[in-house]
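Visitor: Have a look at the structure that comes next, please.
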Amino acid sequence: MNSCRHEWFMCNLRHGFLVVEGCWECGARLSFFSAEPVPPIDEYREGRHFWFYMGSFQSVKFDLECRACGMIAGLDDVNGLMLSDCNDPNCQVGALVNQQSSGSLVYVALCADSTHPMGRCVSSGGIEALNQYFNRNLEGLGRKVVVVPCVLCNSIDKCRGTVIVDVGLTEIE
Amino acid sequence: MRISELQEKTGLKAINEYRDREVEGVYISDMVSDIITSAKRNSILITLQTHKSLIAAANLVAAAMIVIVKGRKPSDDVVELATRTGIGLFTSDLDTWTFAKRLTQLGLE
């Protein structure tokens, strides 16, 4: 077991697009990160799904590396972060939002497949590293952030929140 | 330098109730993907952007204050979110370069 009090910094920065697709057949949503200069917009069949392009946003992916012990927390399974506005007490994320003290916010780490058909989501190690990294920034400010995996949402497709992606760039005068 | 002192010396307009604290640096960007990877704790963030994603990213890097330049105004939900986090939200009629020059004249870099 690693006893290091990790000092995380961002590494392996990759700039690209967060691409969101939907399935015509079942309404599921899928997202992936594309490092291509132009995000793919093709429709295609995959098993029982027929995916179509819903949109894309300029985004960034990164991993975390510990300065002290050299450990790398790979965050390949994180496609984005969403600040949750959920207040549904019947949703685990909404319940967490309602429990936070003033100024503390809940962020949802978004994995690739919002329907979680295999039960997989962002790894617990990745979630722990993200919490440690961002809360290190906030030490002494009297507030914190709580990062949780999107599998805790009742329905990530209907969840209220703000995904951290680049929007509004074409509106700048 | 504290936020309140900076506000007084630069004529910034505060548009929320903020937590006054020391500022330690400046970062200029209009992209949240850049802010989240490069802005530093206690920094002044100068931007043209006014959307909620900006506050969500600024909170994660613990920016002290955000200055929205060229007289642009954020919507009420953006102001409310900034207030919840304690991040100071300000507007300036100046453009990015002119405002940044003011900061360097005050010794901030």
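The values are calculated or read from the model by the stated rules, or taken from the named source; none is laboratory data. These figures come from a predicted structure and were not determined experimentally. So basically every Cβ, Gly included, is an ideal-geometry build from the backbone, and we count neighbours across all protein chains shown.
Visitor: Starting from residues that are closer than 16 Å to residue B:37 by Cα and under 9 Å from the mean Cα position of the chain (by Cα), keep the ones in segment A:68-81 and report whichever is nearest to the other protein chains (Cβ to nearest Cβ).
Guide: A:81
Visitor: Any residue in segment A:61-90 that is modelled with pLDDT under 95 sitting within a Cβ distance under 6 Å of a residue that is surrounded by fewer than 22 Cβ atoms within 10 Å (Cβ to Cβ) and of a type in the set (Lys, Arg)? List the pairs, counting only those 6 or more apart or interchain.
Guide: Sorted first by the residue in segment A:61-90, then by its partner, the pairs are A:61/A:14; A:85/A:160; A:86/A:160.
Visitor: While we're here: Where residues in segment B:73-91 are in a strand (DSSP E or B) and closer than 14 Å to residue B:49 by Cβ, which of them is farthest from the other protein chains (Cβ to nearest Cβ)?
Guide: B:90
Visitor: Looking at segment A:54-77, which of its residues are under 17 Å from residue A:115 (Cα atoms) and in a strand (DSSP E or B)?
Guide: The one that is under 17 Å from residue A:115 (Cα atoms) and in a strand (DSSP E or B): A:54.
Visitor: Can you tell me which condition residue B:62 does not meet? The list is (1) surrounded by 23 or more Cβ atoms within 10 Å (Cβ to Cβ); (2) at the interface with another protein chain (Cβ under 9 Å from one of its Cβ atoms); (3) not in a loop (DSSP other than H, G, I, E, B), and all the others hold.
Guide: (3)
Visitor: With touching a Leu at 6+ places or on another chain (Cβ under 6 Å) and either touching a residue at least 24 places away in the same chain (Cβ under 8 Å) or buried (at least 21 other Cβ atoms within 10 Å of the Cβ) (or both) as the only criterion, which of B:18, B:27 stands out?
Guide: It is B:27.
Visitor: Let me ask something else. Could you list, ordered by first residue, the pairs with Cβ atoms under 8 Å in which the first is in segment A:22-45 and over 12 Å from residue A:58 (Cβ atoms) and the second is assigned to a strand (DSSP E or B) and of a type in the set (Val, Ile, Thr), at least 6 apart or interchain?
Guide: That search, which allows pairs on different chains as well, returns A:29/A:20; A:30/A:20; A:31/A:19; A:31/A:20; A:32/A:19; A:40/A:19.
Visitor: Looking at this structure, is residue A:114 under 13 Å from the mean Cα position of the chain (by Cα) and over 29 Å from residue A:66 (Cβ atoms)?
Guide: Criteria met by residue A:114.
Visitor: Taking the condition of being out of contact with any His (no Cβ under 7 Å at 6 or more places or on another chain), within 14 Å of chain B (Cβ to nearest Cβ) and not aromatic (Phe, Trp, Tyr), how many residues in segment A:130-158 meet it?
Guide: 15
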